[in-house]
Amino acid sequence: MILYAITALLFLAIDALMLTLVMKPLFVRHLGATMRDSPMLAPAGLFYLAYVAGLVFLVSAPALRDADPVRALLQGAVIGAMAYGTYEFTSMSIMKDWSWAMVATDTLWGTVLTGFCAWAGVALLLRLQG
């Protein structure tokens, strides 16, 4: 539970900054009036809870068990690229106003954010335990 809490807090805090400063303006520029005035918190919250749970289960807990934060970084980055890339490339293939800038920015962001948070959660917990 501690690993989940650390990873979730990092993920939410860092992603909130990126969403506010970079992603929202990019999406507004391309999607404009089709966007909501504010996000629906319930679906967003469910995504974050489930995504971080999957990340911890598949990547962070095994890396913590083996005391290998670098493995968490690499495997987390793969999970991030797959998850964010799936969303972005699917959206690009079916949505009229989707853009390659959105695909590239969000896929890269998901890769970096997921890898970093997996690494940081494991590294911080190892430090706290040691």
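Please treat every number below as a calculation from the coordinates, not as lab data. All figures in this text were calculated on a predicted structure; none of them were measured in a lab. All Cβ positions, glycine included, derive from the backbone under ideal geometry; neighbour counts span all protein chains shown.
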Roughly how far apart, in whole Å, are the Cα centres of segment 103-130 and segment 1-69?
11 Å
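Which length gain, in nm to one decimal place, applies between residue 28 and residue 100 when the Cα-Cα distance is subtracted from 0.36 nm times their residue separation? Each step should come with its number before you reach the end.
On the way: separation 72, 0.36 × 72 = 25.92 nm, distance 1.43 nm.
Roughly 24.5 nm would be gained on extension.
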What residue among 94, 14, 79 has the largest mean-square fluctuation in a Gaussian network model of the chain, using Cα springs under 10 Å?
94
Whole-Hz ³J(HN,Hα) from phi, Karplus 6.51 cos²θ - 1.76 cosθ + 1.60, for segment 78-83, glycine and proline x
5, 4, x, 4, 5, 5
So how many Å³ per residue does the convex hull of the Cα atoms of segment 1-64 work out to?
97 Å³
Name the residue farthest towards the positive end of the dipole of segment 1-80 from the options 17, 57, 39, assuming +1 on Cβ of Lys and Arg, -1 on Cβ of Asp and Glu, about the Cα centre.
39
Report the charge-dipole magnitude of the chain in Debye, nearest 20, computed about the Cα centre from +1 at each Lys and Arg Cβ and -1 at each Asp and Glu Cβ.
80 debye
For the chain: rounded, prolate or oblate by the Cα gyration tensor [a/c cutoff 1.5]:
prolate
In a Gaussian network model over the chain where Cα atoms closer than 10 Å are linked, find which of 107, 20, 86 has the largest mean-square fluctuation.
20
Cβ-based exposure ranking for 59, 22, in which fewest neighbours within 10 Å come first:
22, 59
Can you give me the angle between helix 2-18 and the longest principal axis of the chain, using Cα atoms only, in degrees from 0 to 90, rounded to the nearest 10?
30 degrees
Within a Gaussian network of the chain (alpha carbon springs, distance under 10 Å), most fluctuating of 42, 77, 104:
42
Suppose a student asked you for the relative contact order of segment 31-119, using Cα pairs under 8 Å spaced at least 6 residues apart; what percent would you report?
36 percent
Report ³J(HN,Hα) in whole Hz for each residue of segment 117-130, in order, from the Karplus equation J = 6.51 cos²θ - 1.76 cosθ + 1.60 where θ = phi - 60°; Gly and Pro get x.
5, 5, 4, 5, x, 5, 4, 5, 5, 4, 5, 5, 6, x
For segment 33-38, in order, what is each residue's ³J(HN,Hα) by Karplus, 6.51 cos²θ - 1.76 cosθ + 1.60 with θ = phi - 60°, in whole Hz (x at glycine and Pro)?
5, 6, 8, 6, 5, 9
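By counting other Cβ atoms within 10 Å of each Cβ, how are 60, 38 ranked from fewest to most?
Ordered from fewest to most neighbouring Cβ atoms within 10 Å, 60, 38 come out as 38, 60.
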